[in-house]
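Bear in mind that the values in this text are calculations on the coordinates, not laboratory data. It should be emphasised that the depicted structure is a prediction, and the values quoted were computed from it without experimental measurement. As a convention, Cβ positions derive from the backbone with ideal geometry for all residues, glycine included, and neighbour counts pool all protein chains shown.
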Amino acid sequence: MSRTISTTTHVLPGRRIIIDVPEFEEGSNVTVRVVQEETGTHDESGKIGILDFLASLPNRARTPEYWAERERELQEDRDSWDR
């Protein structure tokens, strides 16, 4: 019977990875596939491109109610300047 597990790990110094699988018996034969997750387009220095950075930001769509509340707060601040 074939069993499959999926795990995530980090590349360690020396470009090594360690996978701990307590579900498998010691000495059993396994096949390991390693897939590197893409985190955006990087240049030679390892820096991410601006478009990839912007695409990685969470969606911050603001509702009309949100903007009305911000305008009200700003107006309260402005009104307090005249006192």
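A few points about this structure:
- Degrees separating the helix 64-81 axis from the principal Cα axis of the chain, which is the longest one: 50 degrees
- In this simple spin-label model, placing a label point 7 Å from the Cα along the Cα-to-Cβ direction at both residue 26 and residue 8 gives a separation of 3.1 nm.
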